[in-house]
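What follows is a short report on a single structure.
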Amino acid sequence: MSGTYLGMPSFPRAAAASTRDMRLRGNLRHATHTIRAKRAQAVEELGDWQRLRAAGAALKERTLRHLDHYLEQLEAAVTAAGGHVHWARDAEEANRIVTDLVRETGESEVVKVKSMATQETGLNEALAKSGISAYETDLAELIVQLGDDLPSHILVPAIHRNRDQIRDIFREKMGSWGRAAPKGLSDDPAELAEAARLHLREKFLDAKVGVSGANFMVAETGTLVVVESEGNGRMCLTLPETLISVVGIEKIVPTWQDLEVFLQTLPRSSTAERMNPYTSTWTGTTDEDGPSAFHLVLLDNGRTDALADTVGRQALRCIRCSACLNVCPVYERAGGHAYGSAYPGPIGAILTPQLRGVQSELDASLPYASSLCGACYEVCPVAIDIPEVLVHLRERVVEGGTVSVRGQRTTIRPAKGHAAERAVMRAARWAFDHPRALRGGQRLASRTRRLTPRRLPLPGPGKAWSDSRDLPRPAAESFRDWWRRTRGEDHGDGEGGAR
C-alpha cells in the first residue's frame, strides 16, 4: 500500500478488492466487535447518556452557528497567552505554513502526535519534499509509517494489521528509522510495545519541534486539549522547544465548562474508558515549562463550505470517536482504505465529499458506501444523523445543484452514470404529484399482477443486484380501493386531493 490516497479508485472497486482479503476481514471483525462490546458496557454505566448526547449535539450546533465569533475570540486568547495564530484556507496553505515554521527553527526533524488534520492535508509528505523528516509517535501510527502504509481507522490506524505483521514490520523497518528492534523480537504485545517505547524515547529526547492536532480548543481561554492513551502525546507537547498545532476550525468549544460533556462522551465512545489516561491542556507559552514557541494553524480546507450546507453541516459536530466505524457492516467488510480518505467509515462517507466535493469518481461514490441501517446514528455521541446526510449527498451526486465552493455559490453538474436513476425518480415524483395518474397506475398493476415476473434482470452492473432479489407482487387492490370498499369513504381522488 502506497502512502498516499491520490489516484484511489471509486469505493465499489476498492471494496471489491478488500473484501476478498480474508485476513483483513478477520482482523477487522475481531477488533471492531471487541471495541463496540466494551463501548456498550461503558455507556450503560451512565444513566444520563442520552441527555449527554443531546447536550453535546446542542453545544456543537450552537458553536457552529456562531463559529466566526468563537474563532475570533480564540485567536485573541491564544495571542494574549503568547501564541501565534495562522489561518490556512486549504491543505496546501496549511502545509506551507508548517514547513516554513519548521525551517525557521533550523531543524530537519519533527515528532508528531496522532493528528487526523495533518493526515487530511498530507503534511508528512509535504515536509519530506522539503527535506524534513516527520516521526509519528502514536504506536498505531508508527506501525503504519514503518510499514509504508495508510491509516484505516480513526482511533486505531493499524487495525488492519495483526501481531505477526507488526512484528515483521518492526524487525524489517525500525532500524532504518532510528533504534532497531531487539533481536529475537516476538509477537507478544508487551515485547512489541517495549520495542516501540525504546525506539521512540530517542526521538522524544532529541526533538526540538513537535507537531500536533487537538481534540478541542477552548475559545474563552485559548486552551488546546489533547486526549490520548499512551503518553506519547504529552511527550510531544512538552519536550520540544517549538510546538505547532494544526486544527480544524470546527474543533472549537466556547467555554471550559463545555468540555465537561465531551470529556465524558469521547472516551466512552472511542476507547470504552471512563476517562482518557492522558488529558493534556496547554495555553500559549510560559517561561518556566513547555515549549517556548507555540503556533496554532487553523485549518478550513472545505469546512466553511460544509458549514453553508444546512443538512450536511452536522458532520462538523464529529469529535472523531470512531464509534460509527465499529458498528458499520460496510466498514467491517471493506476496511478503511477503500474510502480513499483520511476519514474512513460512515463519518468519512459524509465528511469527505463535503470537504473535497463530489466531482471525482471516488468522492461521488462515498455517499453510497452505506446500507443506511442507521447503526452509526444510534452510537454517535453528538447525534449526527449520518443516514440523513448520506441521502442528502446522494441527491447532490445525482441531481447536481448549487453548493458552496471556497466560499462562492457554485452550480455543479450531476455526476456521470446516474441518468437512469434521475429519470426514474423524476417519473416517480410526477406520479406522486398527480394522484389520478398514481391511482390509475396502482389499479393497472393490481389487474396485471399475475403477469409480474419473479425477477426483472437489469443490464450491466445492475445484474448482480437484480439476480439476488425478487420483485414484490403488487397487491390485489390498492389501499385507497380497500379503504373505500371497507369504510365507504374517499379522502380525495382528484388533483389537489389528499396525498
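Using the structure shown, select from Lys173/Lys203; Lys112/Lys173; Lys60/Lys416; Lys129/Lys173 the pairs with a Cα to Cα distance greater than 24 angstrom. Intermediate results must be reported in sequence, preceding the final value.
Numbers: Lys173/Lys203 16 Å; Lys112/Lys173 19 Å; Lys60/Lys416 35 Å; Lys129/Lys173 21 Å.
From Lys173/Lys203; Lys112/Lys173; Lys60/Lys416; Lys129/Lys173, over 24 Å: Lys60/Lys416.
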| request: Report the FRET efficiency, 1/(1 + (r/R0)^6), for Arg197 and Ala419, where r is their Cβ-Cβ distance and R0 is 60 Å, rounded to 0.05. | output: 0.60
| field | Degrees between helix 91-105 axis and first principal axis of the chain (Cα, 0 to 90, nearest 10) | value | 0
| Any idea how far apart Tyr368 and Glu92 come out in nm if each label point goes 7 Å out from Cα toward Cβ? | 3.0
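Peptides 184-190, 313-319, 74-80, 13-19: what's the order by average Cβ count within 10 Å, highest mean first? Could you put the intermediate results ahead of the total?
On the way: 184-190: 11.6, 313-319: 23.6, 74-80: 18.4, 13-19: 16.3.
Peptide ranking by packing, descending: 313-319, 74-80, 13-19, 184-190.
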| Residues in the range 228-258 reached by a label modelled at Thr105 [backbone nitrogen below 15 Å; 7 Å Cα→Cβ] | 233-246
| remark: Using a 1.4 Å probe on heavy atoms of the protein chains only, the accessible area for Met275 in Å², nearest 10, reads 130
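Could you give the dipole magnitude of the range 105-208 about its Cα centre, charging the beta-carbon of Lys and Arg +1 and that of Asp and Glu -1, in debye to the nearest 20? Kindly include the intermediate steps, with their values, before the conclusion.
Values: 14 positive and 18 negative charges, 39 e Å.
Using only the charged Cβ atoms, the result is roughly 180 debye.
What's the long-distance tail for the range 160-284, i.e. % of Cα pairs beyond 20 Å? Present the calculation step by step, with values, prior to reporting the outcome.
Details: 4365 of 7750 pairs.
Summing the P(r) of the range 160-284 above 20 Å gives 56 percent of all pairs.
Suppose R0 equals 45 Å; then what is the FRET efficiency for Asp148 and Glu72 from their Cβ-Cβ distance, rounded to the nearest 0.05? Mind showing how you got there, number by number?
Numbers: r = 42 Å, r/R0 = 0.92.
Computed FRET efficiency for Asp148 and Glu72: 0.60.
At 25 °C and a viscosity of 0.890 mPa s, what translational diffusion coefficient does Stokes-Einstein give for the chain, taking Rh as the Kirkwood radius over Cα pairs? Give it in µm²/s as a whole number. Spell out each step's value before the answer.
On the way: Rh = 25.0 Å.
D = 98 µm²/s.
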| message | Angle check, please: helix 256-270 long axis (alpha carbons) against the longest principal axis of the chain (alpha carbons), in degrees 0 to 90, nearest 10. | response | 70
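What shape does the range 159-207 take by its C-alpha gyration tensor, where a ≥ b ≥ c are the square roots of the eigenvalues and a/c under 1.5 counts as rounded, a/b above b/c as prolate, and the rest as oblate? Display every interim value, and only then the final one.
On the way: a/c = 1.81, a/b = 1.75, b/c = 1.03.
Because a/c hits 1.5 or more and a/b exceeds b/c, the range 159-207 counts as prolate.
Does the range 281-356 classify as rounded, prolate or oblate by the C-alpha gyration tensor (a ≥ b ≥ c root eigenvalues; a/c under 1.5 gives rounded; else a/b over b/c gives prolate, otherwise oblate)?
Values: a/c = 2.83, a/b = 1.76, b/c = 1.61.
Cα axes put the range 281-356 in the prolate bin.
Classify the range 108-193 from the C-alpha gyration tensor, please: rounded if a/c falls under 1.5, else prolate or oblate depending on whether a/b exceeds b/c. Let's see the in-between values first.
Numbers: a/c = 2.39, a/b = 1.43, b/c = 1.67.
Taking the square roots of the gyration eigenvalues as a ≥ b ≥ c, the range 108-193 is oblate.
Which whole-number percent gives the relative contact order of the chain, counting Cα pairs below 8 Å spaced six or more residues apart?
Values: 843 pairs, mean separation 91.3, N = 499.
This gives 18 percent for the chain.
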| remark: Normalised per residue, the volume inside the convex hull of the alpha-carbon atoms of the range 189-261 in Å³ amounts to 106
| Between Leu146, Gly210, Ser133, whose Cα lies farthest towards the positive end of the dipole of the chain when Lys and Arg beta carbons carry +1 and Asp and Glu beta carbons carry -1, centred on the Cα centre? | Leu146
| Inter-label distance for Thr281 and Arg429, nm, one decimal - labels placed 7 Å from Cα along Cα-to-Cβ | 5.0
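I'd like to compare 170-178, 376-384: which one has the highest average count of other Cβ atoms within 10 Å, and what's the full order after that? Can you show the working numbers first?
Numbers: 170-178: 15.4, 376-384: 21.9.
Output ranking for 170-178, 376-384: 376-384, 170-178.
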| field | Ranked by how many other beta carbons lie within 10 Å on average, peptides 25-34, 137-146 from highest | value | 137-146, 25-34
| message | Please report the accessible area of Phe294 (heavy atoms, 1.4 Å probe, ligands and nucleic acids excluded) in Å², nearest 10. | response | 0
| Stretch Asp21-Glu378 to full length: gain in nm at 0.36 nm per residue minus the Cα-Cα span? | 125.6 nm
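Suppose the chain between Glu260 and Asp467 were pulled fully straight at 0.36 nm per residue; how much longer would it get relative to their current alpha carbon spacing? Present the calculation step by step, with values, prior to reporting the outcome.
Values: separation 207, 0.36 × 207 = 74.52 nm, distance 5.20 nm.
Between Glu260 and Asp467, full extension yields an extra 69.3 nm.
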| Rough spin-label spacing in nm, given labels placed 7 Å along Cα→Cβ, for Arg406 and Glu172 | 4.1
| Which aspartates and glutamates does Lys38 reach when only Cα atoms under 12 Å apart count, and residues fewer than 8 places away in its own chain are ignored? | Glu273
| request: Could you work out how far the C-alpha centroid of the range 187-203 sits from that of the range 280-307, in angstrom? | output: 29
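Say R0 is 35 Å: what FRET efficiency, to the nearest 0.05, do Lys129 and Ala80 get from their beta-carbon distance? List each step's numbers first, then the result.
Values: r = 35 Å, r/R0 = 1.00.
Rounded to the nearest 0.05, the efficiency is 0.50.
The values are calculated or read from the model by the stated rules, or taken from the named source; none is laboratory data. Because the structure is a prediction, the values reported are computed rather than measured. Methodologically, a virtual Cβ is constructed for each residue, glycine included, from the backbone with ideal geometry; neighbour enumeration extends over all protein chains shown. The area values use the complete protein model at the heavy-atom level, side chains included, leaving out ligands, DNA and RNA. Shrake-Rupley method; radii C 1.70, N 1.55, O 1.52, S 1.80 Å.
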